[in-house]
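Right, one structure below, let's go through it.
The values are calculated or read from the model by the stated rules, or taken from the named source; none is laboratory data. This is a predicted model, so every value here is computed, not measured. Methodologically, a virtual Cβ is constructed for each residue, glycine included, from the backbone with ideal geometry; neighbour enumeration extends over all protein chains shown.
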Amino acid sequence: MSAVLLTGHGGFDKLEYRTDVPVPKLSKGEVLIKVGAAGINNTDINTRIGWYSKSVTTDTGEAAADGLETAEEEDASWSGVPLSFPRIQGADCCGRIVSVSEGVDEKRIGERVIVRNMLRTYVDYRPFECWTLGSECDGAFAQYTKAPAGEAYAITTDWTDAELASIPCAYSTAENMIHKAGLTSGEKVLVTGASGGVGSAAVQLAKRRGAHVIALAGASKMDRVQSIGADRVIARGDSLVTSLGHESVHVVADLTAGRQWPNLLDVLRRGGRYAVAGAIAGPIVELDVRTLYLKDLSFFGCTFQEDIVFQNLIHYIENGEIRPVVDKVYPLKDIVTAQKDFLGKNFMGKLVLTP
């Protein structure tokens, strides 16, 4: 089959498009999926360049083409465990089941599915543990991939494969942030990085819950962010305190961190909640601990997802409560071009690959 192999941590030269890769062999309880489409995510690039290593302190865009010399392979994956190479990346998978293993009903053959990107089967459903599709096991940057049957969710919708492939990683991350923070109707939420895959998902999902959504985005994308549900959009770089006022929002859903980070706490109300699932503007921030405890703030790190998170997404799609935001679709062989465009940030929502 055709697939893109990640041969090690580094630059684009570590992505190798091949047409002679063996089709995955199934173990008990797994299904074989013919991939229809696979979305591109920050985690693909972060993993390739070794950005998750604690030795790296820069933003995710630095050295994305050539890799990071400071990255240490021992902790360069999101889980802090060394990766095995070659690895087929791709956390987003939409496709159809073409084969099943022992213990799986053959009636599932032909089902259209999306795969939960945070796989719990392989760790026996232990709390706060999971494998990421395309990191701890091979993913969807290929013609075929495999997944646990219980985590390949059948779905009925008129969305295209590319549209469905925009969902698993970005929307589950966003839903998890909102779920953990306990966002409720009528509350004000500030979403950073609102034009990206996770950010645009968070805008929609927060609006679905009846929240008043304030989005932070680049000036050229403000109108598009507002079109997907944001009640107000603030240009990235503008002063949050000047725009919103001190202690003005109940929840912050943050994907960027970086130098602006202290301002996020300034606009949180007393008793406010801060949820974070990314640090594309830089992972090292300055915290005045007095702000944390004097304002009775709650912090939520958002990686592990309870089962209800992905199940919710299936229902939202089938009930027409959310919609996909896909900017462009590329053939799998053009993955380097697609990742370069991803890093250029001149798009809205998701970029998607098709094998």
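Values for this structure:
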read-out	value
Residue check, I214 farther than 26 Å from V56 by Cα, crowded, with 19+ Cβ neighbours inside 10 Å and under 18 Å from the mean Cα position of the chain (by Cα)	no
Residues that are assigned to a strand (DSSP E or B) and either under 13 Å from F141 (Cβ atoms) or hydroxyl-bearing (S, T, Y) (or both), drawn from region 16-32	E16, Y17, R18
Hits in region 100-139 (condition: of a type in the set (S, T, Y) and surrounded by 19 or more Cβ atoms within 10 Å (Cβ to Cβ))	T132, S135
Helices (runs of 4 or more DSSP H) wholly inside region 250-355 containing at least 3 residues that are assigned by TED's automatic domain parsing to the domain that holds G210	261-267, 289-294
Selection from region 213-246 of residues that are in a strand (DSSP E or B) and not basic (K, R)	V213, I214, A215, L216, A217, V233, I234, A235
Residue that is nearest to the chain's Cα centre (by Cα) [pool: residues in region 33-57 that are among the aliphatic types (A, V, I, L, M) and part of a loop (DSSP other than H, G, I, E, B)]	I40
Filter result for T303 (of a type in the set (S, T, N, Q) and more than 23 Å from L255 (Cα to Cα))	no
Number of the condition not met by G237 [criteria: (1) more than 27 Å from N312 (Cα to Cα); (2) in contact (Cβ under 8 Å) with a residue 40 or more places away in the chain]	(2)
Filter result for G39 (at negative phi and at pLDDT 95 or above)	yes
Single condition T256 does not satisfy, out of (1) buried (at least 20 other Cβ atoms within 10 Å of the Cβ); (2) farther than 14 Å from V191 by Cβ; (3) not small (G, A, S)	(2)
Residue that is at pLDDT 95 or above, in the same structural domain as Y17 (by TED's automatic domain parsing) and surrounded by fewer than 16 Cβ atoms within 10 Å (Cβ to Cβ), where the choices are A142, A162, A149, A154	A154
Unique match (being hydroxyl-bearing (S, T, Y), over 30 Å from S298 (Cα atoms) and not in a strand (DSSP E or B)) among T157, T145, T173	T157
Test: D307 is of a type in the set (D, E) and in contact with a helix residue (DSSP H, G or I) (Cβ under 9 Å, 6 or more places away or on another chain)	no
Candidates G271, G320, G344, G282, filtered to the one that is surrounded by 17 or more Cβ atoms within 10 Å (Cβ to Cβ) and either in contact (Cβ under 8 Å) with a residue 60 or more places away in the chain or not acidic (D, E) (or both)	G282
Whichever residue in region 217-234 is of a type in the set (K, R) and touching a residue at least 24 places away in the same chain (Cβ under 8 Å) and, among such residues, is surrounded by the fewest Cβ atoms within 10 Å (Cβ to Cβ)	R224
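Every residue, every condition in (1) of a type in the set (V, I, T); (2) outside any helix (DSSP H, G or I); (3) within 25 Å of V329 (Cα to Cα); (4) at pLDDT 95 or above, yes or no:
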position: D59; (1), (2), (3), (4): no, yes, no, no
position: A63; (1), (2), (3), (4): no, yes, yes, no
position: E69; (1), (2), (3), (4): no, yes, no, no
position: G80; (1), (2), (3), (4): no, yes, no, no
position: D92; (1), (2), (3), (4): no, yes, yes, yes
position: V98; (1), (2), (3), (4): yes, yes, yes, yes
position: V113; (1), (2), (3), (4): yes, yes, yes, yes
